[in-house]
Every structure is written in structure tokens, then in C-alpha cells.
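A.B. asks: Below you'll find the structure I mean.
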Number of protein chains: 2
Amino acid sequence: MSYEFYYWPMIQGRGEVVRLALEEAGTDYVDVAREPGEGDDNRAAILKILQDTTNEHPPFAPPFLVDTDNNNLMIAQAANILLYLAPRIGMISDSEADQIFAHQIQLTVTDLLMEVHDTHHAVASALYYEDQKEESKKRSENFIELRIPKHLAYFETILANNPSKSGWLIGDSLTYPDLSIFQMVEGLSYAFPKAFDKVSGTYQHVMALRDAVAARPNTAAYLASDRRIEFNTMGVFRYYPELDS
Amino acid sequence: MSYEFYYWPMIQGRGEVVRLALEEAGTDYVDVAREPGEGDDNRAAILKILQDTTNEHPPFAPPFLVDTDNNNLMIAQAANILLYLAPRIGMISDSEADQIFAHQIQLTVTDLLMEVHDTHHAVASALYYEDQKEESKKRSENFIELRIPKHLAYFETILANNPSKSGWLIGDSLTYPDLSIFQMVEGLSYAFPKAFDKVSGTYQHVMALRDAVAARPNTAAYLASDRRIEFNTMGVFRYYPELDS
């Protein structure tokens, strides 16, 4: 095996953008924490790494990737994993300009994911949603009004301005940030179905990208498999009707 | 000139980690928005780029960098700028493993900066602090209790586990994330002086790193110059006594 991927086994979370790239590329990988372990799964493997006080390159949090063909190099932060992985699995070209722009988009997705998380955790990650519901309602209201349109408009502009008019973000074929935008659309429409439905028609390139990604054979097979964890109220994207205005 | 740097002229904000690297390296650059322009400064140059609807590689927000020696390549997202810039200005080695780990640390700094921003904007960036003060108090309380120690402990572990025992994060000499950790310490001690003072003694490697960075001749000259914008209540790090428990 070339790659060992470590992320929480019960959620898509911040790790899903990496899973999507591995799956679309048809890469041989092990989703370590979803393997049989001490309990229903092997999340103990994640905790072991997080609790290792001697690691010279410790991760702050999952996801992380180990490249067993490269001295067991360990890489954390989802966008950093994709930066390393994508040229190796054919998810970005060798062009430096393409790689930089792909990463720039990915870092904007990363920011958006943090914003989405905070729509239901407006006060603190460490508290239950129920203990910060009122603050989260205010935060979601603003997120729906201003931030969803701002981000979707940004992705729409990139798609519209791609000189190849391919429907993809960069050049004339799919690259890994296309998969991440797909994930943002899926997540936002799950978490904020009413709000998303109202605005999605404005972003036709983004919605067409979503459909084009979903139709890719490898991705379609992944989405239909039990390797794709369903959205739920433990992940980054959560459906709480009271937050969906 | 090789590099044109674009960031808001009145704050350190998300751009300061880039300014620190450019200054420590002694790089020739123009801080475009701080040049004379239509008003007191040239922030119109930023707005012009943000409002350009034809840009094939649009930035979502400042900071961005233009490399005039490389086909005017434009790069946005502070961590992405550093990823590109650092090997070119001697702020990281050519080792892929070093570059990946440096970027991993930088992305964790990026996350921390967003968390800091939200201590005073717990509901929305678009609202005034005064209109989200109560929510921000709750958020700051948790940030001080849990998040400052978690992040500082992470940086402390990296410094303690560096096999070279150099006092730097990576290898035996300064790299760009060292400058970013310096910035985090300066910012946290400005924004939360009481809270930071209580815990800082626990993180001796981090505090020693702060002092070592401040003593570097180029950085010391920068910090003493008017190119270093002072902390203020417009930036990411803000001092509001009521948030500092």
C-alpha cells in the first residue's frame, strides 16, 4: 500500500476532500480508522499518533496521511495533504501556476469549512450545540445571507473565467479542487436546504460542476458505496432546521 | 522589483506573516497599498484587483503577492504565498519534508488566526464588535481556557522534539513558521495580556523562540520601523479588556 489515510471514521468532516481525491483517482489507500480495530473501528490508531509525545512532525489534528513509499512521511492538514498527493495521483498537472492556483482555491475551501463548522458552534467546539443554539442561530443567519453567496460567487467567477470553458476550475480537465467544490455544494444543500435552494440557481457553473463530478464513474461508485459516510449531525455540515432560514 | 505585496495598509492582519518573512529575508518588495495613492495610501490598488471580473486567477481576499519576475504570477492566501516565496528567499530549505512540515505548521497558524478573529466577531465579520459583544465574551472565555493552551502546547512540542535542539521549529536555523509563531505570541499577549501572562511561563521554548526572533537584526529593524503597523482594534488581534479574563 502506498498511502495510509487517517481521519475520524464516523464523519466526512475535514477529511472528505482527501477521500474524494483518492477515490476519483482510483488510488490504492487504506482508510486506517475505518479498518477493524479494538472497537467497531480503528480510531485508536489516530489517538495513538495524537498522543505520541516524541513525534518530530506531530499533527495538530486529523486528517493526516502517511506515504509508506516515501520513508513513512506523515502530512497533516487536508489542504497540505492534497498539495502533496495531487501531482502524484494525477489530480493536478505539473504546472506550478496550476498547482498554486489549485491550492489557493483549496485554502479558501478550508476557510469556508471552518465557517460552516462555526454556524453550529458559534461559541466553542468544546461545547454541545444545544448549549450555543441561540448564538449559532445568529451566526447561521449571517452566514446564509452573506457568506454562502460570497463563496459561491467566487467559485462561479473562476469557472466562468476559465479560458478553456471546460466547466472545470482549472484548464480543460478535472482537478482536485473541483471535487472540493462538489463537496461544498453537497454539504451546503444538506445543511441549509431551504436557504441553498433559494440561491443555487444563480450559480449555474457551480451547479453544473456538481453534476459533472457526481457523474464521474469513480466518484459515482464511491458515493454509492459504504465508503462514503452519510452526512450526519456530528460532522462539519449538520442539518438543524432551526438554523436554515 | 521582484515582488509586489498587497494587503490592507492599516492592519497587520492575515498579511503580517508574509511581511515578516519578506523583512527577515531582506527581500526587495513593494508593499503596494502602503505606497502613496489616491488618498493617504493606495488601497485602491487592492480594490481594483478584487473588482476585476475578468481575472482568471482571482483572489478571494487579500493578502496577495505578484511575482513580477515570473509572468506577474498572482498568489493569494497567506500560507500559499509563503509556500511559494520561502524557498525563493531563503526562508526554508530545499528539502520536501521540511517544506511540507513548515506549511503544515503555517496552516495551523492560519486556523488559529481565524479563531482569534472570531473571539471578537463571534457572530459575523460583517457586524460591529459592539453588536456581538456578549457572544464574543463567551467565545473568548473558551478560547482563553482551551484554545490558547492547546495551540501553544502544540508549538512547544514541535520545538522540544526538534532533534537538533536548535530552538527553531525545523532543523538548525530559522524558517518562516518561526516568524509566524513569534507573531502569534506578540498578538496573543497584546490581545489577552492577563490571560496570556498566566500561561506563557508554561511554554518556555515558545517564549524563547519569540525572543530569538525579536533579536534577529533584520526583524528587529523592521519592528522598530514605521513599516511595522502597530496592533490596533481593526486587525485580527484586538485588545478589548472585557474579553481578557
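A.B. asks: Averaged over peptide B:100-112, how many Cβ atoms belonging to another chain are found within 10 Å of each residue's Cβ?
C.D. replies: Rounded to a whole number, the mean comes out at 6.
A.B. asks: Give the nm distances, rounded to one decimal, from A:D52 to the matching residue in every other copy, measuring between label points 7 Å along Cα toward the beta carbon; shortest first.
C.D. replies: Copy-to-copy label distances at A:D52, shortest first: 4.5 nm.
A.B. asks: Another question, then. So if I take the centroid of the Cα atoms in the stretch A:55-129 and the same for the stretch A:6-38, what is the distance between those two points in Å?
C.D. replies: 13 Å
A.B. asks: Report the semi-axes of the equivalent ellipsoid for the stretch A:202-245 in whole Å, largest first, where each axis is √(5λ) for an eigenvalue λ of the Cα gyration tensor. Before the final figure, lay out the partial values.
C.D. replies: Working: eigenvalues 108, 73, 6 Å².
So the equivalent ellipsoid measures 23, 19, 6 Å along its semi-axes.
A.B. asks: Now, a different point. About the Cα centre of the protein assembly as shown, what is the dipole size in debye to 20, counting +1 per Lys and Arg Cβ and -1 per Asp and Glu Cβ, all else neutral?
C.D. replies: The calculation lands at about 560 debye.
A.B. asks: From zero up to wherever the largest Cα-Cα distance of the stretch B:3-88 sits, split into 5 Å bins and tell me the percent of pairs in each.
C.D. replies: The percentages, shortest bin first, are 3, 14, 27, 28, 18, 8, 1, 0.
A.B. asks: What average count of beta carbons from other chains do you get within 10 Å of the Cβ of residues in B:71-78?
C.D. replies: 4
A.B. asks: Which whole-number percent is the relative contact order of chain B (Cα, under 8 Å, 6+ apart)?
C.D. replies: Averaging sequence separation for qualifying contacts and normalising by length gives 22 percent for chain B.
A.B. asks: Same structure again: Once you have a ≥ b ≥ c as the square roots of the Cα gyration tensor eigenvalues for chain A, tell me rounded if a/c is under 1.5, and otherwise prolate or oblate according to whether a/b is larger than b/c. Could you put the intermediate results ahead of the total?
C.D. replies: Values: a/c = 1.74, a/b = 1.10, b/c = 1.58.
It is oblate, given that a/c is not under 1.5 and a/b is not larger than b/c.
A.B. asks: Whole-Hz Karplus ³J(HN,Hα) for the stretch B:188-203, in order, using 6.51 cos²θ - 1.76 cosθ + 1.60 and θ = phi - 60°, x for Gly and Pro?
C.D. replies: Calculated HN-Hα couplings, in order: 5, 6, 6, 7, 10, x, 5, 5, 5, 4, 5, 9, 4, x, 6, 10 Hz.
A.B. asks: Enter the per residue convex hull volume of the stretch A:96-216, computed from alpha-carbon coordinates, in Å³ rounded to the nearest integer.
C.D. replies: With only Cα atoms used, the stretch A:96-216 gives 107 Å³ per residue.
A.B. asks: Mean separation of Cα pairs under 8 Å and 6+ residues apart, divided by the residue count of the stretch A:106-245: what relative contact order is that in percent? Intermediate values should be presented prior to the final figure.
C.D. replies: Numbers: 134 pairs, mean separation 36.8, N = 140.
The value is 26 percent.
A.B. asks: In whole Å, what is the distance between the alpha-carbon centres of the stretch B:133-206 and the stretch A:172-206?
C.D. replies: Their Cα centres are 36 Å away from one another.
A.B. asks: Viscosity 1.567 mPa s, temperature 4 °C: give me the Stokes-Einstein translational D for the stretch A:68-122 in µm²/s, with Rh taken as the Kirkwood radius over C-alpha pairs.
C.D. replies: For the chosen part, D equals 102 µm²/s.
A.B. asks: According to the square roots a ≥ b ≥ c of the eigenvalues of the Cα gyration tensor, what is the shape class of the protein assembly as shown, taking rounded for a/c under 1.5, prolate for a/b larger than b/c otherwise, and oblate for the remainder?
C.D. replies: Since a/c stays below 1.5, the shape of the protein assembly as shown is classed as rounded.
A.B. asks: Turning to a different aspect of this structure: Based on the alpha-carbon gyration tensor of the stretch B:152-235, what equivalent-ellipsoid semi-axes (square roots of 5 times the eigenvalues) come out, in whole Å, largest first?
C.D. replies: Sorted largest first and rounded, they come to 22, 18, 9 Å.
A.B. asks: Another one. Identify which of B:A214, B:A86, B:A97 has the largest mean-square fluctuation in a Gaussian network model of chain B, with springs joining Cα atoms closer than 10 Å.
C.D. replies: Highest fluctuation of the listed residues: B:A97.
A.B. asks: Can you list the lysines whose alpha carbon is less than 26 Å from that of B:K194, not counting same-chain residues fewer than 8 positions off?
C.D. replies: Within the straight-line cut-off, B:K194 pairs with B:K133, B:K137, B:K138, B:K150.
A.B. asks: Which value at 222 nm does chain B reach when only helices count, each DSSP H run of 4 or more adding -39,500 (n - 2.57), with the total divided by all residues and rounded to the nearest 500 deg cm²/dmol?
C.D. replies: -14500 deg cm²/dmol
A.B. asks: Let me know the charge dipole size of the stretch B:87-137 about its Cα centre in debye, to the nearest 20, where only the beta-carbon of Lys, Arg (+1) and Asp, Glu (-1) is charged.
C.D. replies: For this selection, approximately 140 debye.
A.B. asks: When Cβ neighbours within 10 Å are restricted to other protein chains, what is their mean count per residue of peptide B:144-157? List each step's numbers first, then the result.
C.D. replies: Working: counts 0, 2, 4, 3, 0, 0, 3, 1, 0, 0, 4, 1, 0, 7.
Rounded to a whole number, the mean comes out at 2.
Coordinate-derived values only; no laboratory data. This is a predicted model, so every value here is computed, not measured. Reconstructed Cβ throughout: ideal geometry from the backbone, glycine too, with neighbour counts over all protein chains shown.
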